[in-house]
Structure formats: C-alpha cells, structure tokens
1. Does at least one position in the stretch 264-287 carry a residue that is surrounded by 23 or more Cβ atoms within 10 Å (Cβ to Cβ) and polar (S, T, N, Q)?
2. May I ask you to verify whether A148 is small (G, A, S), at pLDDT 95 or above and either surrounded by fewer than 18 Cβ atoms within 10 Å (Cβ to Cβ) or not in a loop (DSSP other than H, G, I, E, B) (or both)?
3. Name the single residue that is nearest to S43 (Cα to Cα) among those in the stretch 270-327 being of a type in the set (G, A, S) and at pLDDT below 95.
4. Please enumerate the residues belonging to the stretch 216-239 that are within 22 Å of A349 (Cα to Cα) and out of contact with any Phe, Trp or Tyr (no Cβ under 7 Å at 6 or more places or on another chain).
5. Can you name the residue in the stretch 363-406 that is farther than 19 Å from F37 by Cα and without any contact (Cβ under 8 Å) to a residue 60 or more places away in the chain and, of all such residues, is surrounded by the most Cβ atoms within 10 Å (Cβ to Cβ)?
6. Mind checking which residues of the stretch 300-337 are among the aliphatic types (A, V, I, L, M) and either surrounded by fewer than 20 Cβ atoms within 10 Å (Cβ to Cβ) or under 23 Å from R78 (Cα atoms) (or both)?
Amino acid sequence: MTTATTTRARLPLDPAQAGAGLDRDLITVTTRGPTVFVDGQGSWLTDTDGKRHLDLVQGWAVNSLGHSPTVVAQALARQSGRLLNAGPAFHNQPMLDLAARLVGLSCFDRVWFGSTGAEVNEAAVKLARRWGQRQRGGAHEVISFDGAFHGRTLAMMSACGKPGWDRVFAPMPTGFAKARYNDIGSVERAITPASVAVMIELVQGEGGVNLADPGFVRELRALTAERQLLLIADEVQTGIGRCGRSFAHELFDIEPDVMTLAKGIGGGVPLAALLCKERFNCFAPGDQGGTFGGNPLMAAVGLAVVDTVCQDGFLAQVRQRAGHLARGLQSIVRDHGLVAERGAGLLRALVLPTDTAHLVVAAAQALSPVGLLLNAPRPHLLRLMPALTITDDEIDQALHLLRRALRAGMG
C-alpha cells in the first residue's frame, strides 16, 4: 500500500503586492509592512522597487559592521569551503580561536557558544543555579529588573521586566524576583536565602535605552560580592563595540562574574556567547549544549568581527561618531520640542512628548526618494542602532531625514 502526498499548487507571489499576502506562508509573530528588502551594503538597504533606505536599525543592533561587510563575506566563503560543523562533541579551530580571543579581551576565563541572546541568557541562569546547588546550599533565585529584556524563551520571559510577561504562557518558570533599576535598596530587599544571582542590562535596550547610574552599578557590584551572589551582565545588545568599548561594563569600571554576548558579535550571523570567571565554571558534561553551538562557520565570522571591532582605533572612531550623532540629536530635541536624547555609544534614543513614535517610524520609511529606518521600542521613544561603520556624512543625512519624519509623524 502506498501513500500519496498532495502538494498544493501555489501561484508565484508578486513582491509588489502589499499586506498580508507576503506573510501567507509565515506563522504570525509580528506585523510587517509590504516592503521586501533584496540588497544591503553598509548603512543602506534596497527594496524590490529599487528604493534605498538609510538603516538605523541594522537588524536590532546585529549588523555591527553594516550590511554585507567584506570581512564577514570573506570569512564565510573561506570557512564554508573547509568545515561547516564538526559537531558539538569535537573541537574545531575557529571555536578555539574565538574563545581565546574573547578571554584575552575580557576579564573572563571560560566561554560557551550558542546562537541567540535568549539561549546564552538562559545558559547563564542555569550556570548560576548549578553554582548555587554546589556552593550555596541550593540557592536558585535570580533577581532582575523592571524594564529588563532578556529574551523570549519561557524562562527569560519570566526574567524580563515587561509587565505581564511572566504570565503570558502560564504556567511560567518560577525563581525570578524583580528589583527597581537604579535602586540599590530594592535589590537589598529582594535578596533572600534563595537568591543566587543578579542579572542586569547596564543599558536597557528594549526598555528604552535606559542607562544604569554608575554609582548604582558600583554599589550593586559591592553588594553582590558581599552577599555571594553572581553578577550577570547581559551584554547581548551592548557588547562588541556598541557602546564605544569592547564591553559596556568597562564604562562602569566593574567586572561582572558572568557576561552574555550575541547580536553584534556575529555581525549579522547567529552567534552568541556565555563567558564566566574560572570559579563559576561549574557545569558538568551534559548540563549545557546545542547542535550548532561553536560551529566553525559562525565562529570564524565572530573572530573576524571581533578582530575588526575590538581595536583601539576602531573603538575611538565609534566614540567619535557617537558624539557626532548625539550632538545632532540634541539639536533636534531643542528644535522640535522633544523631551530628551540619551544613550551610550551608537545605541541612542529620542524621547518624544507624545505617543507618536510609531507614526514617526512609518513616516521615516515612507520618505522619498530615500527612506529612513527607525525603531520604536516604546510608544513615546525612538531607538537608533546604526552600524558602527556609519560615516559622518551618513549621520548628517540621517539627521536631516529624521527631522522630516518628525514633522510628518508628529504634525
């Protein structure tokens, strides 16, 4: 007896057709407009109509070197002809090389590689709990902060500080307490005998580009050390040059016990890393793993990106461009009656006086003949995450387009 498989005939979809038709084969997880992008170079994306867009989103701070950088293309081509994936049970040279490079750059001693920020953040929680089992009599609770965003796995949704996220897919994982950002007293009150770690974004990206106060961070480091709690720095969005230093915690002159990286470390490809100090290297074989973790193709790209970004000259250039962008945004705040500009390095935000950010985003993309891509993580806030290689001329052009978008979107 044979079983026939029926394949539905589908007509080719015209990319020029707007709306839901483009998503007919995709599970609905977000709302996308009708634009289809087909090419990207540096700070620019081109759609199917040939329209160019100056991209200040860059895959949500993923494309640290912009779209289609030569160094990434060369690393992919070179490594893809040699070895794609030896498997997680074996060593491969790019993985070893990237781990050594990160250890040499940082205050950490050990590295585990994953593919996404949520994956390595969850691995950080697992590492803390394993350490708590072995060194703290079973302590397991992780303290995180209001406004925090750590990913979309079930456990990381419980860790996030977005209202209601700890109930969306109930029953949710437990063992997460919340404190108030920049309030050391609230952290002290959240600590119990079950506490094992504090997890913090030193700059909250999804929360609205909220910066931790340097004094609070120093107090937090002292408190966690005193109470024998791990300090986990979620640098998924801020690491690898985004804030003008190799890692954002360098801006605060502290050393975390554990750090997570993703987004910019891959320069556009899926790569993430969990780093820890030697005394917290407590996983047993089998505690953590993943089919694609540390595969040589992604590791080779990561090494090329890190070698490019984490140099004094490159980072100095990021800081210079960040200053140029910040000054331009401050001028826009004054001229357009906005509330504030804030940020660190090339992760910046504009605070609007009304909940019109989505209208400004739409107006910016609709500009002609050149569009501008922005992000609105909050109804009253615009987030800018340009390529670390954006030029001063491109910043000036972006500021000009942003002024036009504000006039169109805010009225």
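1. No, the stretch 264-287 has no match at all.
2. Considered against the rule, which asks whether it is small (G, A, S), at pLDDT 95 or above and either surrounded by fewer than 18 Cβ atoms within 10 Å (Cβ to Cβ) or not in a loop (DSSP other than H, G, I, E, B) (or both), A148 comes out as no.
3. That would be G293.
4. Hits for the stretch 216-239 are F216, A233, D234, V236, Q237, T238.
5. Applying the filter and picking the extreme gives L382.
6. Scanning the stretch 300-337 gives A300, V301, L303, A304, V305, V306, V309, L315, A316, A326, I332, V333.
A quick yes/no check of all residues on (1) surrounded by 21 or more Cβ atoms within 10 Å (Cβ to Cβ); (2) over 21 Å from L65 (Cα atoms):
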site: A212; (1), (2): yes, yes
site: G215; (1), (2): no, yes
site: T224; (1), (2): yes, yes
site: R227; (1), (2): no, yes
site: I232; (1), (2): yes, yes
site: T238; (1), (2): yes, no
site: G241; (1), (2): yes, no
site: F247; (1), (2): yes, no
site: D253; (1), (2): no, yes
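Yes or no, residue by residue, for (1) assigned by TED's automatic domain parsing to the domain that holds R82; (2) among the aromatic types (F, W, Y); (3) assigned to a helix (DSSP H, G or I); (4) under 26 Å from N210 (Cβ atoms):
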| site | (1), (2), (3), (4) |
| --- | --- |
| G293 | yes, no, no, no |
| H324 | no, no, yes, yes |
| Q330 | no, no, yes, yes |
| D335 | no, no, yes, yes |
| D355 | no, no, no, yes |
| P386 | no, no, no, yes |
| I395 | no, no, yes, yes |
| A405 | no, no, yes, yes |
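The values are calculated or read from the model by the stated rules, or taken from the named source; none is laboratory data. Because the structure is predicted, anything quoted here is derived from the model rather than measured. When we count neighbours, we look across all protein chains shown, and the Cβ atoms used for this are built from the backbone with ideal geometry, even at glycine.
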